[in-house]
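**Q** Right, I'll just put the structure down here and ask away after.
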Ligand SMILES: Cc1cc2nc3c(=O)[nH]c(=O)nc-3n(C[C@H](O)[C@H](O)[C@H](O)COP(=O)(O)OP(=O)(O)OC[C@H]3O[C@@H](n4cnc5c(N)ncnc54)[C@H](O)[C@@H]3O)c2cc1C
């Protein structure tokens, strides 16, 4: 007696082991299934590719969705689309935003998982879906329109009906000596992610702008530690009424501006103030400025007042038809599980839209 898989013979696709090995590799992972040619709204004659840049055959395949970014957002989106039989390629340039962190926390079932392991597990699971491929390559440009996008990558060019941006954000390191060295080790942005492990140590909140103060971030941090001091950089003022509220909650407010951090092997020891006095401090929370990757900045999409890519709340489509966005680049509410959630949301809406247009996976196409 043969199983359905055995009957499929050579057409069954790669074995689970092959998929696993391929998907764990850090090189291109072309886990390609049948191409969805039937419903393709673009044909070779309709592309806008320059003649001197004929892509490799593999890359000439039209796909349903090109996902740019292989973090929690992009990987979760790929899973949803793969489970709908959609031809998907995830392009990832690395490194992830949380590259400096040793563990991901506050993601149920994955609490305490190293970021690399998180991505490897995701790629392993995606390996089970033959229409999904993960390619380690940077996308340098996106041209074309909905239905016929053309992506330029180091691996060649890729045509896709829809694009999902999951490129995250880039944290700009402050020019304070010691800041970059301690980032992700003892300087954190989110207490839900890293507060528990260092609770009750001597904490500081570094106000880099008025926003965090106005939103009560200092009061929030008090949840984890009795020992909390608010610091500021030059140009940021801590309003007197707020100082009074903080004092009533046992939070110290340092009026001298912060000039440097004393760090040993990533571990913060002291902060150095403008008058050169040194104050012991083990953990600092801060929100350095963020920027979009150049690919996203160059697209000229509409941004929200915070500078994040504006998406339709229902569809997660950006201001450019056919380009969707999910994850950190769409919100200041940044966390791995938020990114994964919005990735799933965007993926489901893209599939919904393609289905509404009558574009189906080739295996079920009318
Ligand atoms: C130090 C630190 C620690 C953190 N710890 C936690 C934690 O413990 N728990 C938690 O929930 N959250 C944590 N976060 C937040 C979390 O990392 C992010 O919210 C999450 O990674 C966002 O996922 P994303 O998919 O939107 O983007 P990212 O994870 O940043 O992934 C984006 C990917 O896109 C790639 N990319 C960008 N441009 C291109 C391009 N042009 N072509 C191809 N690929 C491209 C990048 O290389 C990157 O791999 C932490 C953040 C930091 C900075």
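**Q** Give me the pairs: first residue in the range 326-337 and closer than 16 Å to residue 315 by Cβ, second residue assigned to a helix (DSSP H, G or I) and within 6 Å of the ligand (Cβ to nearest atom), beta-carbon distance under 6 Å, and six or more apart or on different chains, which are they?
**A** Correct list of pairs: 326/73; 327/73; 327/339.
**Q** Okay, next question. Please verify whether the range 268-285 includes one or more residues that are more than 16 Å from the ligand (Cβ to nearest atom) and under 20 Å from residue 214 (Cα atoms).
**A** no
**Q** Filter the range 61-82 for residues that are out of contact with any strand residue (DSSP E or B) (no Cβ under 6 Å at 6 or more places or on another chain) and either within 14 Å of the ligand (Cβ to nearest atom) or not in a loop (DSSP other than H, G, I, E, B) (or both) and give the result.
**A** 69, 71, 72, 73, 75, 76, 79, 80
**Q** Take residue 213 and tell me if it is part of a helix (DSSP H, G or I), more than 28 Å from the chain's Cα centre (by Cα) and farther than 19 Å from residue 196 by Cα.
**A** Answer is no for this residue.
**Q** Something else: Quick check: anything in the range 327-339 more than 25 Å from residue 101 (Cα to Cα), part of a helix (DSSP H, G or I) and modelled with pLDDT of 95 or more?
**A** No, because not a single residue in the range 327-339 is more than 25 Å from residue 101 (Cα to Cα), part of a helix (DSSP H, G or I) and modelled with pLDDT of 95 or more.
**Q** Report yes if residue 71 is modelled with pLDDT of 95 or more and either surrounded by fewer than 24 Cβ atoms within 10 Å (Cβ to Cβ) or under 16 Å from the mean Cα position of the chain (by Cα) (or both), otherwise no.
**A** It is true that residue 71 is modelled with pLDDT of 95 or more and either surrounded by fewer than 24 Cβ atoms within 10 Å (Cβ to Cβ) or under 16 Å from the mean Cα position of the chain (by Cα) (or both).
**Q** Looking at (1) outside the structural domain of residue 143 (by TED's automatic domain parsing); (2) in a helix (DSSP H, G or I), can you tell me which one residue 206 breaks?
**A** With (1) outside the structural domain of residue 143 (by TED's automatic domain parsing); (2) in a helix (DSSP H, G or I) applied to residue 206, the lone miss is (2).
**Q** For residue 197, all conditions in the list (1) part of a loop (DSSP other than H, G, I, E, B); (2) within 15 Å of the ligand (Cβ to nearest atom); (3) surrounded by fewer than 18 Cβ atoms within 10 Å (Cβ to Cβ) hold save one; what is the number of the exception?
**A** Looking at each condition in turn, residue 197 falls short on (1).
**Q** For the range 85-95, name all the residues that are surrounded by fewer than 21 Cβ atoms within 10 Å (Cβ to Cβ) and either over 13 Å from the mean Cα position of the chain (by Cα) or farther than 15 Å from residue 151 by Cα (or both).
**A** Selection gives 94, 95.
**Q** Just checking, does the range 325-342 include any residue being more than 30 Å from residue 176 (Cβ to Cβ), touching a strand residue (DSSP E or B) at 6+ places or on another chain (Cβ under 7 Å) and within 13 Å of the ligand (Cβ to nearest atom)?
**A** Within the range 325-342 (the criterion being more than 30 Å from residue 176 (Cβ to Cβ), touching a strand residue (DSSP E or B) at 6+ places or on another chain (Cβ under 7 Å) and within 13 Å of the ligand (Cβ to nearest atom)), the answer is yes, since at least one residue qualifies.
**Q** Test of understanding: among 125, 158, 201, which residue is farther than 30 Å from residue 320 by Cα and assigned by TED's automatic domain parsing to the domain that holds residue 329?
**A** 125
**Q** Can we say residue 85 is part of a loop (DSSP other than H, G, I, E, B) and within 13 Å of the ligand (Cβ to nearest atom)?
**A** no
**Q** Is at least one residue of the range 171-185 within 20 Å of the chain's Cα centre (by Cα) and over 30 Å from residue 234 (Cβ atoms)?
**A** no
**Q** Here's a follow-up. Determine, yes or no, whether residue 92 is without any contact (Cβ under 8 Å) to a residue 12 or more places away in the chain and within 13 Å of the ligand (Cβ to nearest atom).
**A** It is false that residue 92 is without any contact (Cβ under 8 Å) to a residue 12 or more places away in the chain and within 13 Å of the ligand (Cβ to nearest atom).
**Q** Same structure again: Does the range 223-232 include one or more residues that are within 16 Å of the ligand (Cβ to nearest atom) and in contact with a helix residue (DSSP H, G or I) (Cβ under 9 Å, 6 or more places away or on another chain)?
**A** Taking every residue of the range 223-232 in turn, at least one turns out to be within 16 Å of the ligand (Cβ to nearest atom) and in contact with a helix residue (DSSP H, G or I) (Cβ under 9 Å, 6 or more places away or on another chain).
**Q** So, in the range 318-354, exactly how many residues are surrounded by fewer than 24 Cβ atoms within 10 Å (Cβ to Cβ) and more than 17 Å from the chain's Cα centre (by Cα)?
**A** The number of residues fulfilling the criteria is 10.
**Q** Still on this model: When you look at residue 244, is it under 26 Å from the mean Cα position of the chain (by Cα), exposed (fewer than 15 other Cβ atoms within 10 Å of the Cβ) and not assigned by TED's automatic domain parsing to the domain that holds residue 104, yes or no?
**A** Against the criterion (under 26 Å from the mean Cα position of the chain (by Cα), exposed (fewer than 15 other Cβ atoms within 10 Å of the Cβ) and not assigned by TED's automatic domain parsing to the domain that holds residue 104), residue 244 does not qualify.
**Q** Mind listing whichever residues of the range 111-131 are near the ligand (Cβ under 10 Å from one of its atoms) and in contact (Cβ under 8 Å) with a residue 24 or more places away in the chain?
**A** Correct list: 118, 119.
**Q** Only one of (1) in contact with a strand residue (DSSP E or B) (Cβ under 8 Å, 6 or more places away or on another chain); (2) touching a residue at least 24 places away in the same chain (Cβ under 8 Å) is not met by residue 154, so which one is it?
**A** (2)
The values are calculated or read from the model by the stated rules, or taken from the named source; none is laboratory data. Computed from a predicted model, the values in this text were never measured in an experiment. Using ideal geometry, Cβ is built from the backbone for each residue, glycine included, and neighbour counts are taken over all protein chains shown.
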